[in-house]
Amino acid sequence: MIVQIPDVLSAEQLHAARAKLFAADWIDGRATAGHQGARVKHNRQLAEGSTLARELGDMVLAALERHPLFISAALPACVYPPMFNRYEGGEAFGNHVDNAVRLLPGSAQRLRTDLSATLFLADPSHYDGGELLIDDTYGAHAVKLPAGHLVLYPASSLHRVEPVTRGVRLGCFFWVQSMVRDVAQRSLLLDLDTSIQRLAQTGADEAVRLQLTGCYHNLLRMWAQP
Ligand code: NI
């Protein structure tokens, strides 16, 4: 299940974030890669826990909390503090699968990575390459979204970032532990929720909509591990 979440950040937020990111200090992206990832990871990122990473990360988290499609698609139990990366001059991230479990920075708490997320921060016309390629059972999907848009995909997917051959690709990435671990169950709940929202907009039979809303919550009750 690959879900695009539009308009997570506004043009003003993006403008301010990019100005700060271009003035920031960057470190080798391998600082946070696992063994398999480190061999194929060629990019830079903000140091985890740096003042700027926290400031921008909090802005992203606040935006996500207000985004109904993100909540509906991810059903988040816990979100990893967002990190920020940049690719330029041919940098790329080869095929890898994200680590299944991560320690939350500064705590003893662990997060199971059910979903991976990339929030695009640069205008796609300002760089060449840099597509996020995600493999699923239907083949590879190339994702390169407008600035401010986010893609959510199963963290179990094999994925890669194509070389950036012109300009700079700025991105924000993080993981989500979902209340509903199983991707098929989560996908079904998203379809059901989306249909219920449509029924509300089109003024459909209220009693039927209510019944379907009950089905949604009862399935969520059955499957959720808050
Ligand atoms: Ni990855």
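The values are calculated or read from the model by the stated rules, or taken from the named source; none is laboratory data. These figures come from a predicted structure and were not determined experimentally. With ideal geometry, Cβ positions are generated from the backbone for all residues, glycine too; neighbour counts draw on all protein chains shown. Protein only, heavy atoms only, side chains kept; ligands, DNA and RNA dropped before computing areas. Shrake-Rupley method; radii C 1.70, N 1.55, O 1.52, S 1.80 Å.
Specify the residue that is farthest from Pro81 (Cα to Cα); the eligible residues are those in the range 30-49 that are exposed (fewer than 15 other Cβ atoms within 10 Å of the Cβ) and not small (Gly, Ala, Ser). If we take residues in the range 30-49 being exposed (fewer than 15 other Cβ atoms within 10 Å of the Cβ) and not small (Gly, Ala, Ser), then Arg39 is farthest from Pro81 (Cα to Cα).
Do the conditions hold for Ala184, that is, is it closer than 23 Å to Asp98 by Cα and either small (Gly, Ala, Ser) or touching a Pro at 6+ places or on another chain (Cβ under 6 Å) (or both)?
Numbers: closer than 23 Å to Asp98 by Cα: yes; either small (Gly, Ala, Ser) or touching a Pro at 6+ places or on another chain (Cβ under 6 Å) (or both): yes.
Here the answer is yes, as Ala184 does meet what is asked.
Looking at Ala62, is it of a type in the set (A, V, I, L, M) and assigned to a loop (DSSP other than H, G, I, E, B)?
no
Cβ-Cβ below 7 Å, separation at least six or inter-chain, first residue in the range 21-48 and of a type in the set (Lys, Arg), second in a helix (DSSP H, G or I) and surrounded by 14 or more Cβ atoms within 10 Å (Cβ to Cβ): which pairs? Going by the 7 Å Cβ cut-off, the qualifying pairs are Arg30/Ala38; Lys41/Gly29; Lys41/Arg30; Arg44/Gly29. Taken together, the residues in the range 111-161 that are free of Cβ contacts under 8 Å to residues at least 12 places away in the same chain and either touching a Ser or Thr at 6+ places or on another chain (Cβ under 9 Å) or buried (at least 16 other Cβ atoms within 10 Å of the Cβ) (or both) amount to 0.
Out of all the residues in the range 74-82, is one or more in a helix (DSSP H, G or I) and at pLDDT 95 or above? Yes, because at least one residue in the range 74-82 is in a helix (DSSP H, G or I) and at pLDDT 95 or above. Filtering the range 1-25 to residues that are open to solvent by 40 Å² or more (accessible area, probe 1.4 Å) and outside any helix (DSSP H, G or I) leaves Met1, Ile2, Gln4, Pro6, Asp7, Ser10, Ala23, Asp25. Checked against (1) at positive phi; (2) more than 13 Å from the chain's Cα centre (by Cα); (3) not β-branched (Val, Ile, Thr), Leu75 meets all criteria but (2).
Table: residues versus (1) basic (Lys, Arg); (2) touching a helix residue (DSSP H, G or I) at 6+ places or on another chain (Cβ under 9 Å); (3) part of a strand (DSSP E or B); (4) not assigned by TED's automatic domain parsing to the domain that holds Thr32.
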{"site": "Asp135", "(1), (2), (3), (4)": "no, no, yes, no"}
{"site": "Val151", "(1), (2), (3), (4)": "no, no, yes, no"}
{"site": "Gly167", "(1), (2), (3), (4)": "no, yes, yes, no"}
{"site": "Gly171", "(1), (2), (3), (4)": "no, no, yes, no"}
{"site": "Leu189", "(1), (2), (3), (4)": "no, yes, no, yes"}
{"site": "Ile196", "(1), (2), (3), (4)": "no, yes, no, yes"}
{"site": "Leu210", "(1), (2), (3), (4)": "no, no, no, yes"}
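Which numbered condition trips up His96, out of (1) within 13 Å of the chain's Cα centre (by Cα); (2) within 13 Å of the ligand (Cβ to nearest atom)? That leaves (1) as the condition not met.
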